[in-house]
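The values are calculated or read from the model by the stated rules, or taken from the named source; none is laboratory data. On a predicted model such as this, the values are computed, not experimentally measured, just so you know. When we count neighbours, we look across all protein chains shown, and the Cβ atoms used for this are built from the backbone with ideal geometry, even at glycine.
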């Protein structure tokens, strides 16, 4: 981890990321093998072994992007990613919505012992790809976290004003990123692109008239192309932000019209896939911790659970009660 001296130099007013060092141990050895002509050839072979996490060295790095922007980009990338596979062993209610505390998404995993029923988990992709030494977060039993999250959302869906307020907060956050006057902003970037086209033609006319050399023309056109590239990138980013805001508004209206104030029996009858759709409309993301699960999105809160054997089991038509196996502390 970072040393006290390094932490003392951090500027509290800035955001930082973490660059990890000393995560792997490299072993190098010389091996020989037949060369096919009766002799032997020698080469170096390197193997990489993950070190224990407590040996990793963390170096704070000033963030070049706003954290909120990074989180939204991660959510968009996850939403645009194709399905893991076409057919699933079960309906994973939180597929694509569970993020490990290390920052990576948690994928679905099915295991089964011989002559035994299958077990379902959400497991960190880092641990799945590089081994358990790469991430200390244990796999999360799917049914446990799915039951807790659904109980949390089940209760709050019966409060339309809470749903409306949460979705409005997400929409306001999108507005704060710069879309205050959509028509003017779009027109401004379109005008910048038109100006680049006009200047390009003017520069070419000047060169044809002998008012500038080919070298000067090439330099000016190169500068114009860079301006065009930046304008296109800004226009694309603007359009993406506008699309996200419009999608949030559509999802808000659909949630309030279809699910908020719905009868408990109707909500409880939703399939795993339908619950997953509701969670995505609410932009929920679940992060496991040692005490429970943090939930962010339109309905934010923290879900605690008890491991004692006396906790009452939830019934089908009612989510588990706060006094039994979990409690929720929603925040606005």
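Considering only segment 118-140, how many residues are buried (at least 18 other Cβ atoms within 10 Å of the Cβ) and more than 15 Å from residue 95 (Cβ to Cβ)?
Residues flagged as buried (at least 18 other Cβ atoms within 10 Å of the Cβ) and more than 15 Å from residue 95 (Cβ to Cβ) within segment 118-140 amount to 5.
When you go through 32, 28, 64 one by one, which is the residue that is more than 30 Å from residue 274 (Cα to Cα), modelled with pLDDT of 75 or more and either surrounded by 10 or more Cβ atoms within 10 Å (Cβ to Cβ) or within 22 Å of the chain's Cα centre (by Cα) (or both)?
32
Tell me, yes or no, whether segment 87-97 has at least one residue that is crowded, with 16+ Cβ neighbours inside 10 Å, modelled with pLDDT of 80 or more and not in a loop (DSSP other than H, G, I, E, B). Explain how you work it out, then say what you get.
Kept after step one, since they are crowded, with 16+ Cβ neighbours inside 10 Å, are these residues of segment 87-97: 92-97.
Imposing the further condition that a residue be modelled with pLDDT of 80 or more reduces the set to 92-97.
Narrowing further to those that are not in a loop (DSSP other than H, G, I, E, B): none.
No, because not a single residue in segment 87-97 is crowded, with 16+ Cβ neighbours inside 10 Å, modelled with pLDDT of 80 or more and not in a loop (DSSP other than H, G, I, E, B).
Report, ordered by the first and then the second residue, all pairs with beta carbons closer than 7 Å, sequence separation of six or more or different chains, a first member in segment 22-49 that is without any contact (Cβ under 8 Å) to a residue 24 or more places away in the chain, and a second member that is part of a loop (DSSP other than H, G, I, E, B) and surrounded by 10 or more Cβ atoms within 10 Å (Cβ to Cβ).
41/35
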